[in-house]
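First comes the structure, then the notes that go with it.
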Amino acid sequence: MGLVIYNSLSNKLEEFKPQNGNKVNMYVCGPTVYNYIHIGNARPVIFYDMLKRYLTFLGYDVTYASNITDVDDKIINQAIKENKTEKVVAKFFEDAFFDATEKVGSKKPDIIPHATEYIGEMIDFIQKLIDEGYAYNVDGDVFFRVNKIKDYGCLSNQVSADLESGARINVNDKKENPLDFALWKKTDVGIKWNSPFGEGRPGWHTECVVMNHKLFGTGLDIHGGGMDLKFPHHENEIAQFEALYKTHLAKYWIHVGRLDLAGAKMSKSLGNVIYVKDLNTTKDAMILRTLIVLSPYRNIIPYSQELLDQYKKEYEKWQRAYKQSLYELQYQNVNLCDNDEKYIESFKEYMNQDFNVQNVLTLINEIVKEINVTLRGKDYNRNAICLNTLKTILDVLGINLFVEKLKDEELELYKKYNDARAIKDFETADLYRKKLIELNIL
Ligand SMILES: [Zn+2]
(Lines give C-alpha, C1' and ligand atoms only; values in the text may rest on other atoms or scores of the structure.)
Protein backbone atom coordinates (compact mmCIF):
# COMPACT_ATOMS: atom_id res chain seq x y z
CA MET A 1 0.00 0.00 0.00
CA GLY A 2 1.37 3.39 -0.99
CA LEU A 3 0.51 6.78 0.38
CA VAL A 4 -2.92 7.11 1.92
CA ILE A 5 -4.29 10.61 2.43
CA TYR A 6 -7.47 12.06 3.78
CA ASN A 7 -9.44 13.58 0.93
CA SER A 8 -11.58 16.43 2.25
CA LEU A 9 -13.87 15.99 -0.76
CA SER A 10 -14.91 12.44 0.06
CA ASN A 11 -14.18 12.77 3.78
CA LYS A 12 -12.35 9.49 3.49
CA LEU A 13 -8.86 8.10 3.58
CA GLU A 14 -7.90 7.30 0.00
CA GLU A 15 -4.90 5.76 -1.67
CA PHE A 16 -3.03 8.50 -3.48
CA LYS A 17 -3.02 7.93 -7.24
CA PRO A 18 -2.21 10.96 -9.36
CA GLN A 19 -4.03 11.33 -12.68
CA ASN A 20 -0.95 11.05 -14.84
CA GLY A 21 1.48 8.32 -13.79
CA ASN A 22 4.14 9.64 -11.52
CA LYS A 23 3.48 13.32 -12.27
CA VAL A 24 1.80 15.31 -9.48
CA ASN A 25 0.23 18.74 -9.98
CA MET A 26 -0.42 20.62 -6.77
CA TYR A 27 -2.01 24.02 -6.22
CA VAL A 28 -2.17 25.72 -2.84
CA CYS A 29 -3.95 29.00 -2.10
CA GLY A 30 -1.30 31.55 -1.25
CA PRO A 31 -1.36 34.77 0.74
CA THR A 32 -3.14 38.04 0.16
CA VAL A 33 -0.15 40.33 0.46
CA TYR A 34 -1.18 43.24 2.66
CA ASN A 35 0.56 42.39 5.94
CA TYR A 36 3.31 40.26 7.50
CA ILE A 37 2.52 36.59 8.08
CA HIS A 38 2.07 35.20 11.57
CA ILE A 39 2.97 31.72 12.78
CA GLY A 40 -0.56 30.50 12.04
CA ASN A 41 -0.23 31.60 8.40
CA ALA A 42 3.10 29.77 8.27
CA ARG A 43 1.49 26.42 9.06
CA PRO A 44 0.09 25.59 5.59
CA VAL A 45 3.24 26.96 3.94
CA ILE A 46 5.32 24.55 6.02
CA PHE A 47 2.97 21.60 5.56
CA TYR A 48 2.77 21.82 1.75
CA ASP A 49 6.52 22.31 1.49
CA MET A 50 6.89 19.10 3.49
CA LEU A 51 4.27 17.39 1.32
CA LYS A 52 6.20 18.27 -1.82
CA ARG A 53 9.44 17.03 -0.28
CA TYR A 54 7.81 13.77 0.75
CA LEU A 55 6.14 13.14 -2.63
CA THR A 56 9.49 13.83 -4.30
CA PHE A 57 11.17 11.42 -1.87
CA LEU A 58 8.63 8.77 -2.93
CA GLY A 59 9.71 9.32 -6.54
CA TYR A 60 6.93 11.58 -7.80
CA ASP A 61 7.67 14.44 -10.14
CA VAL A 62 5.85 17.29 -8.40
CA THR A 63 4.88 20.68 -9.83
CA TYR A 64 3.84 22.89 -6.96
CA ALA A 65 2.07 26.16 -7.65
CA SER A 66 0.99 28.65 -5.03
CA ASN A 67 -0.48 31.99 -5.93
CA ILE A 68 -0.05 35.53 -4.70
CA THR A 69 -3.33 37.40 -4.30
CA ASP A 70 -2.08 40.86 -5.19
CA VAL A 71 -5.44 42.54 -5.69
CA ASP A 72 -7.97 42.66 -2.88
CA ASP A 73 -9.88 45.18 -0.75
CA LYS A 74 -7.36 44.68 2.06
CA ILE A 75 -4.48 45.63 -0.24
CA ILE A 76 -6.42 48.62 -1.57
CA ASN A 77 -7.12 49.81 1.99
CA GLN A 78 -3.50 49.32 3.01
CA ALA A 79 -2.36 51.28 -0.07
CA ILE A 80 -4.67 54.16 0.83
CA LYS A 81 -3.43 54.09 4.42
CA GLU A 82 0.22 54.18 3.34
CA ASN A 83 -0.44 56.56 0.47
CA LYS A 84 1.22 54.12 -1.95
CA THR A 85 0.07 52.20 -5.00
CA GLU A 86 -1.39 48.72 -4.58
CA LYS A 87 1.52 47.41 -6.62
CA VAL A 88 4.11 48.80 -4.20
CA VAL A 89 2.25 47.50 -1.14
CA ALA A 90 1.75 44.06 -2.69
CA LYS A 91 5.38 43.76 -3.76
CA PHE A 92 6.64 44.79 -0.32
CA PHE A 93 4.54 42.19 1.50
CA GLU A 94 5.24 39.52 -1.09
CA ASP A 95 8.97 39.94 -0.46
CA ALA A 96 8.32 39.88 3.29
CA PHE A 97 6.27 36.69 2.80
CA PHE A 98 9.11 34.88 1.05
CA ASP A 99 11.62 36.09 3.65
CA ALA A 100 9.40 34.57 6.31
CA THR A 101 8.82 31.28 4.48
CA GLU A 102 12.54 30.90 3.85
CA LYS A 103 13.13 31.47 7.56
CA VAL A 104 10.88 28.52 8.41
CA GLY A 105 12.73 26.34 5.90
CA SER A 106 10.16 26.30 3.08
CA LYS A 107 11.35 26.42 -0.51
CA LYS A 108 9.62 28.67 -3.01
CA PRO A 109 6.89 26.92 -5.02
CA ASP A 110 7.81 25.96 -8.61
CA ILE A 111 5.21 28.36 -10.00
CA ILE A 112 4.05 31.57 -8.31
CA PRO A 113 1.17 33.04 -10.32
CA HIS A 114 0.05 36.57 -9.46
CA ALA A 115 -3.64 37.36 -9.77
CA THR A 116 -2.93 40.64 -11.59
CA GLU A 117 -1.12 38.76 -14.38
CA TYR A 118 -4.33 36.93 -15.32
CA ILE A 119 -6.95 39.70 -15.39
CA GLY A 120 -7.64 39.20 -19.12
CA GLU A 121 -8.22 35.48 -18.62
CA MET A 122 -10.45 36.21 -15.64
CA ILE A 123 -12.61 38.58 -17.68
CA ASP A 124 -12.96 35.96 -20.44
CA PHE A 125 -13.84 33.33 -17.86
CA ILE A 126 -16.56 35.51 -16.30
CA GLN A 127 -17.95 36.36 -19.74
CA LYS A 128 -18.25 32.65 -20.58
CA LEU A 129 -20.08 32.01 -17.31
CA ILE A 130 -22.51 34.82 -18.19
CA ASP A 131 -22.95 33.45 -21.73
CA GLU A 132 -23.80 30.02 -20.39
CA GLY A 133 -26.25 31.32 -17.82
CA TYR A 134 -24.10 30.60 -14.76
CA ALA A 135 -23.57 34.23 -13.91
CA TYR A 136 -25.46 37.50 -14.10
CA ASN A 137 -24.49 41.14 -14.18
CA VAL A 138 -26.27 43.60 -11.92
CA ASP A 139 -25.12 47.18 -12.40
CA GLY A 140 -21.52 46.18 -13.04
CA ASP A 141 -21.32 43.55 -10.29
CA VAL A 142 -21.27 40.00 -11.60
CA PHE A 143 -22.55 37.14 -9.44
CA PHE A 144 -22.41 33.36 -9.77
CA ARG A 145 -25.77 31.63 -9.87
CA VAL A 146 -25.22 28.97 -7.20
CA ASN A 147 -28.48 27.07 -7.69
CA LYS A 148 -27.34 26.08 -11.20
CA ILE A 149 -24.84 23.72 -9.53
CA LYS A 150 -26.59 20.63 -8.22
CA ASP A 151 -23.97 19.47 -5.76
CA TYR A 152 -23.04 22.89 -4.42
CA GLY A 153 -21.80 22.33 -0.88
CA CYS A 154 -20.10 19.02 -1.75
CA LEU A 155 -16.79 19.98 -0.19
CA SER A 156 -17.89 21.68 2.97
CA ASN A 157 -20.59 19.04 3.24
CA GLN A 158 -23.33 21.45 4.05
CA VAL A 159 -26.72 21.35 2.47
CA SER A 160 -27.86 24.42 0.63
CA ALA A 161 -30.50 25.27 3.21
CA ASP A 162 -27.86 25.54 5.97
CA LEU A 163 -25.60 27.55 3.74
CA GLU A 164 -28.41 29.88 2.79
CA SER A 165 -29.42 30.64 6.33
CA GLY A 166 -25.79 31.46 7.09
CA ALA A 167 -25.43 33.59 4.00
CA ARG A 168 -28.55 35.60 4.81
CA ILE A 169 -26.57 37.44 7.42
CA ASN A 170 -24.96 39.26 4.52
CA VAL A 171 -28.05 40.13 2.56
CA ASN A 172 -27.24 41.81 -0.68
CA ASP A 173 -30.32 43.07 -2.52
CA LYS A 174 -28.58 42.73 -5.84
CA LYS A 175 -28.27 38.95 -5.57
CA GLU A 176 -30.91 36.51 -6.79
CA ASN A 177 -29.94 34.17 -3.97
CA PRO A 178 -28.03 34.94 -0.75
CA LEU A 179 -25.48 32.24 -1.60
CA ASP A 180 -24.53 33.74 -4.96
CA PHE A 181 -21.01 35.09 -4.84
CA ALA A 182 -19.19 37.88 -6.66
CA LEU A 183 -17.07 37.08 -9.72
CA TRP A 184 -16.50 40.73 -10.61
CA LYS A 185 -16.75 43.64 -8.23
CA LYS A 186 -17.58 47.10 -9.41
CA THR A 187 -15.22 49.39 -7.55
CA ASP A 188 -14.95 53.12 -7.16
CA VAL A 189 -11.90 53.08 -4.91
CA GLY A 190 -8.42 51.80 -5.71
CA ILE A 191 -7.03 49.81 -8.59
CA LYS A 192 -9.52 48.74 -11.26
CA TRP A 193 -9.63 47.31 -14.77
CA ASN A 194 -11.93 47.85 -17.75
CA SER A 195 -14.20 44.99 -18.68
CA PRO A 196 -17.38 44.32 -20.64
CA PHE A 197 -19.18 44.45 -17.26
CA GLY A 198 -17.77 47.85 -16.35
CA GLU A 199 -14.75 49.02 -14.36
CA GLY A 200 -13.82 46.88 -11.42
CA ARG A 201 -11.75 43.93 -10.26
CA PRO A 202 -12.17 40.16 -10.10
CA GLY A 203 -13.35 38.34 -6.99
CA TRP A 204 -10.95 36.13 -5.08
CA HIS A 205 -12.72 32.83 -5.85
CA THR A 206 -12.47 33.58 -9.57
CA GLU A 207 -8.80 34.49 -9.37
CA CYS A 208 -7.77 31.10 -7.96
CA VAL A 209 -9.90 29.00 -10.27
CA VAL A 210 -8.70 30.84 -13.39
CA MET A 211 -5.02 30.52 -12.40
CA ASN A 212 -5.60 26.84 -11.62
CA HIS A 213 -7.10 26.11 -14.98
CA LYS A 214 -4.52 28.16 -16.84
CA LEU A 215 -1.68 26.26 -15.18
CA PHE A 216 -3.04 22.72 -14.96
CA GLY A 217 -6.18 22.48 -17.10
CA THR A 218 -8.16 19.53 -15.80
CA GLY A 219 -5.03 17.78 -14.54
CA LEU A 220 -4.87 19.06 -10.97
CA ASP A 221 -4.14 16.28 -8.48
CA ILE A 222 -3.97 18.13 -5.18
CA HIS A 223 -5.66 21.35 -4.18
CA GLY A 224 -4.67 22.57 -0.76
CA GLY A 225 -5.11 25.37 1.71
CA GLY A 226 -6.01 26.07 5.30
CA MET A 227 -9.12 24.47 6.78
CA ASP A 228 -10.83 27.87 6.91
CA LEU A 229 -10.71 28.12 3.10
CA LYS A 230 -13.02 25.13 2.63
CA PHE A 231 -16.06 27.35 2.65
CA PRO A 232 -16.76 29.54 0.86
CA HIS A 233 -13.48 29.88 -1.08
CA HIS A 234 -12.87 26.30 -2.20
CA GLU A 235 -16.52 25.47 -2.55
CA ASN A 236 -16.88 28.42 -4.91
CA GLU A 237 -13.79 27.46 -6.89
CA ILE A 238 -15.31 24.00 -7.41
CA ALA A 239 -18.67 25.43 -8.51
CA GLN A 240 -17.15 27.74 -11.14
CA PHE A 241 -14.89 25.03 -12.51
CA GLU A 242 -17.73 22.54 -12.78
CA ALA A 243 -19.91 25.12 -14.53
CA LEU A 244 -17.44 25.69 -17.37
CA TYR A 245 -15.43 22.52 -17.60
CA LYS A 246 -18.05 19.96 -16.49
CA THR A 247 -15.56 18.16 -14.31
CA HIS A 248 -14.03 18.30 -10.89
CA LEU A 249 -11.34 20.88 -10.21
CA ALA A 250 -9.00 18.58 -8.28
CA LYS A 251 -8.78 14.91 -7.43
CA TYR A 252 -7.65 15.38 -3.83
CA TRP A 253 -8.43 18.24 -1.48
CA ILE A 254 -6.11 18.52 1.48
CA HIS A 255 -6.86 20.97 4.27
CA VAL A 256 -4.53 21.90 7.08
CA GLY A 257 -5.81 22.73 10.56
CA ARG A 258 -5.35 26.06 12.28
CA LEU A 259 -2.68 27.03 14.75
CA ASP A 260 -4.36 28.76 17.64
CA LEU A 261 -2.74 30.77 20.33
CA ALA A 262 -3.50 29.88 23.95
CA GLY A 263 -6.92 28.55 23.07
CA ALA A 264 -7.90 31.56 20.99
CA LYS A 265 -7.79 32.26 17.30
CA MET A 266 -4.77 34.39 16.49
CA SER A 267 -5.94 37.68 15.07
CA LYS A 268 -4.85 41.24 14.78
CA SER A 269 -8.04 42.49 16.38
CA LEU A 270 -7.36 40.37 19.50
CA GLY A 271 -3.79 41.66 19.63
CA ASN A 272 -2.30 38.20 20.10
CA VAL A 273 -0.35 37.82 16.89
CA ILE A 274 3.17 36.35 16.70
CA TYR A 275 4.77 37.31 13.39
CA VAL A 276 7.33 35.01 11.78
CA LYS A 277 9.59 38.01 11.20
CA ASP A 278 9.73 38.55 14.97
CA LEU A 279 11.10 35.07 15.76
CA ASN A 280 14.55 35.88 17.08
CA THR A 281 16.74 33.41 15.24
CA THR A 282 16.58 30.96 12.36
CA LYS A 283 16.92 28.26 15.01
CA ASP A 284 13.71 29.50 16.70
CA ALA A 285 12.01 29.42 13.30
CA MET A 286 13.26 25.86 12.75
CA ILE A 287 11.89 24.78 16.13
CA LEU A 288 8.52 26.23 15.11
CA ARG A 289 8.78 24.17 11.91
CA THR A 290 9.60 21.07 13.95
CA LEU A 291 6.50 21.64 16.06
CA ILE A 292 4.35 22.15 12.96
CA VAL A 293 5.55 19.22 10.83
CA LEU A 294 5.41 16.82 13.76
CA SER A 295 1.87 17.77 14.78
CA PRO A 296 -1.04 15.89 13.13
CA TYR A 297 -1.79 18.14 10.19
CA ARG A 298 -5.58 18.09 10.34
CA ASN A 299 -5.82 18.96 14.03
CA ILE A 300 -5.70 22.39 15.58
CA ILE A 301 -2.32 23.12 17.15
CA PRO A 302 -2.93 24.70 20.56
CA TYR A 303 0.21 26.83 20.45
CA SER A 304 1.87 27.90 23.67
CA GLN A 305 5.39 28.62 24.87
CA GLU A 306 5.31 25.33 26.83
CA LEU A 307 4.43 23.38 23.70
CA LEU A 308 7.18 25.10 21.74
CA ASP A 309 9.65 24.34 24.57
CA GLN A 310 8.83 20.63 24.34
CA TYR A 311 9.85 20.62 20.69
CA LYS A 312 12.86 22.78 21.46
CA LYS A 313 14.05 20.09 23.88
CA GLU A 314 13.65 17.40 21.23
CA TYR A 315 15.33 19.52 18.55
CA GLU A 316 18.32 20.33 20.75
CA LYS A 317 18.68 16.69 21.76
CA TRP A 318 18.86 15.69 18.07
CA GLN A 319 21.22 18.53 17.35
CA ARG A 320 23.59 17.48 20.15
CA ALA A 321 23.65 13.84 19.06
CA TYR A 322 24.13 14.81 15.43
CA LYS A 323 26.94 17.23 16.18
CA GLN A 324 28.92 14.88 18.45
CA SER A 325 28.69 12.02 15.99
CA LEU A 326 29.45 14.07 12.91
CA TYR A 327 32.66 15.46 14.44
CA GLU A 328 33.73 12.12 15.84
CA LEU A 329 33.19 10.39 12.50
CA GLN A 330 35.25 13.09 10.85
CA TYR A 331 37.99 12.55 13.42
CA GLN A 332 37.81 8.77 12.91
CA ASN A 333 37.79 9.31 9.15
CA VAL A 334 34.65 7.26 8.63
CA ASN A 335 32.80 8.13 5.43
CA LEU A 336 29.65 6.13 5.03
CA CYS A 337 26.58 7.39 3.27
CA ASP A 338 24.25 4.40 3.50
CA ASN A 339 20.84 4.59 5.11
CA ASP A 340 19.36 2.00 7.40
CA GLU A 341 16.62 0.59 5.19
CA LYS A 342 14.61 -0.69 8.15
CA TYR A 343 14.32 2.80 9.60
CA ILE A 344 13.53 4.29 6.18
CA GLU A 345 10.80 1.69 5.62
CA SER A 346 9.26 2.55 9.00
CA PHE A 347 9.40 6.23 8.14
CA LYS A 348 7.56 5.62 4.87
CA GLU A 349 5.06 3.33 6.55
CA TYR A 350 4.13 6.04 9.09
CA MET A 351 4.11 8.89 6.59
CA ASN A 352 1.98 6.82 4.22
CA GLN A 353 -0.68 6.55 6.94
CA ASP A 354 -2.03 10.04 6.23
CA PHE A 355 1.16 11.45 7.83
CA ASN A 356 1.26 9.71 11.17
CA VAL A 357 3.87 12.10 12.45
CA GLN A 358 3.53 11.07 16.07
CA ASN A 359 5.04 7.72 15.10
CA VAL A 360 7.67 9.55 13.05
CA LEU A 361 8.65 11.52 16.16
CA THR A 362 9.05 8.28 18.11
CA LEU A 363 11.11 6.83 15.25
CA ILE A 364 13.43 9.85 15.15
CA ASN A 365 14.02 9.50 18.86
CA GLU A 366 14.83 5.80 18.42
CA ILE A 367 17.41 6.66 15.79
CA VAL A 368 18.90 9.42 17.94
CA LYS A 369 19.15 6.97 20.82
CA GLU A 370 21.03 4.53 18.62
CA ILE A 371 23.33 7.33 17.46
CA ASN A 372 24.25 8.01 21.08
CA VAL A 373 24.66 4.32 21.95
CA THR A 374 26.85 3.53 18.93
CA LEU A 375 28.97 6.60 19.55
CA ARG A 376 29.62 5.59 23.15
CA GLY A 377 30.28 2.02 22.00
CA LYS A 378 32.67 3.29 19.30
CA ASP A 379 30.72 1.39 16.64
CA TYR A 380 31.49 4.06 14.06
CA ASN A 381 30.18 2.26 10.99
CA ARG A 382 26.77 1.74 12.54
CA ASN A 383 26.89 5.25 13.96
CA ALA A 384 27.45 6.68 10.47
CA ILE A 385 24.53 4.71 9.03
CA CYS A 386 22.21 5.97 11.78
CA LEU A 387 23.45 9.52 11.29
CA ASN A 388 22.79 9.41 7.55
CA THR A 389 19.36 7.95 8.13
CA LEU A 390 18.49 10.73 10.56
CA LYS A 391 19.67 13.33 8.03
CA THR A 392 17.62 11.73 5.24
CA ILE A 393 14.44 11.78 7.33
CA LEU A 394 14.95 15.31 8.64
CA ASP A 395 15.63 16.56 5.10
CA VAL A 396 12.27 15.19 3.95
CA LEU A 397 10.61 17.00 6.84
CA GLY A 398 12.64 20.11 6.01
CA ILE A 399 14.16 20.23 9.51
CA ASN A 400 17.64 21.70 9.41
CA LEU A 401 19.86 21.08 12.45
CA PHE A 402 22.39 23.69 11.27
CA VAL A 403 25.39 21.46 11.93
CA GLU A 404 28.21 21.53 9.40
CA LYS A 405 31.34 19.42 9.17
CA LEU A 406 34.38 20.83 10.93
CA LYS A 407 36.68 23.03 8.90
CA ASP A 408 40.31 21.89 8.58
CA GLU A 409 41.62 24.11 11.36
CA GLU A 410 38.72 23.15 13.64
CA LEU A 411 39.32 19.47 12.98
CA GLU A 412 42.99 20.02 13.82
CA LEU A 413 42.02 21.42 17.24
CA TYR A 414 39.54 18.62 17.77
CA LYS A 415 42.27 16.06 17.00
CA LYS A 416 44.71 17.68 19.40
CA TYR A 417 42.10 17.70 22.13
CA ASN A 418 41.34 14.01 21.62
CA ASP A 419 45.00 13.06 21.31
CA ALA A 420 45.77 14.80 24.61
CA ARG A 421 42.92 12.98 26.30
CA ALA A 422 44.11 9.67 24.88
CA ILE A 423 47.46 10.04 26.62
CA LYS A 424 45.72 11.38 29.75
CA ASP A 425 47.35 14.82 29.43
CA PHE A 426 44.34 16.51 30.96
CA GLU A 427 45.96 19.90 31.35
CA THR A 428 46.58 20.22 27.59
CA ALA A 429 43.19 18.67 26.81
CA ASP A 430 41.56 21.30 28.98
CA LEU A 431 43.20 24.13 27.02
CA TYR A 432 41.88 22.73 23.74
CA ARG A 433 38.53 22.04 25.32
CA LYS A 434 38.14 25.72 26.18
CA LYS A 435 38.98 26.74 22.62
CA LEU A 436 36.52 24.21 21.21
CA ILE A 437 33.80 25.50 23.52
CA GLU A 438 34.53 29.03 22.34
CA LEU A 439 34.09 27.84 18.76
CA ASN A 440 30.79 26.17 19.72
CA ILE A 441 32.17 22.77 18.74
CA LEU A 442 31.92 21.10 22.17
ZN1 LIG B 1 -7.50 30.08 -3.58
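The values are calculated or read from the model by the stated rules, or taken from the named source; none is laboratory data. In this text the structure is predicted, and so the values were computed from the model without any measurement. For neighbour counting, all protein chains shown are included, and Cβ atoms are generated from backbone atoms with ideal geometry for every residue, glycine included.
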Return the residue satisfying two criteria in turn: it lies in segment 59-76 and is of a type in the set (Val, Ile, Thr) and under 13 Å from ILE222 (Cα atoms), and of such residues it is surrounded by the most Cβ atoms within 10 Å (Cβ to Cβ). VAL62
Segment 3-54, subset among the acidic types (Asp, Glu) and touching a strand residue (DSSP E or B) at 6+ places or on another chain (Cβ under 7 Å), residue surrounded by the most Cβ atoms within 10 Å (Cβ to Cβ): GLU14
Go through segment 54-159 and tell me which helices (runs of 4 or more DSSP H), entirely inside it, have 2 or more residues that are modelled with pLDDT under 95 and acidic (Asp, Glu). 73-82
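Let's see how each residue does on (1) within 23 Å of LYS87 (Cα to Cα); (2) within 16 Å of the ligand (Cβ to nearest atom); (3) β-branched (Val, Ile, Thr):
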{"residue": "PHE16", "(1), (2), (3)": "no, no, no"}
{"residue": "ASN35", "(1), (2), (3)": "yes, no, no"}
{"residue": "TYR48", "(1), (2), (3)": "no, yes, no"}
{"residue": "PHE57", "(1), (2), (3)": "no, no, no"}
Look through ASP110, ASP141 and report the one residue that is under 26 Å from ILE68 (Cα atoms) and more than 33 Å from the chain's Cα centre (by Cα). ASP141
State whether the residues of segment 291-303 include one that is within 16 Å of the ligand (Cβ to nearest atom) and farther than 30 Å from ASN137 by Cα. no
All helices (runs of 4 or more DSSP H) inside segment 340-424 with 3 or more residues being farther than 30 Å from LEU436 by Cα: 341-352, 357-376
Within segment 258-305, which residues are touching a strand residue (DSSP E or B) at 6+ places or on another chain (Cβ under 8 Å), closer than 16 Å to LEU397 by Cα and small (Gly, Ala, Ser)? SER295
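Condition check ((1) within 16 Å of the ligand (Cβ to nearest atom); (2) of a type in the set (Gly, Ala, Ser); (3) touching a Lys or Arg at 6+ places or on another chain (Cβ under 8 Å); (4) more than 22 Å from LYS103 (Cα to Cα)) across all residues:
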residue: LYS12; (1), (2), (3), (4): no, no, no, yes
residue: VAL24; (1), (2), (3), (4): no, no, no, yes
residue: VAL28; (1), (2), (3), (4): yes, no, no, no
residue: SER66; (1), (2), (3), (4): yes, yes, no, no
residue: LYS74; (1), (2), (3), (4): yes, no, no, yes
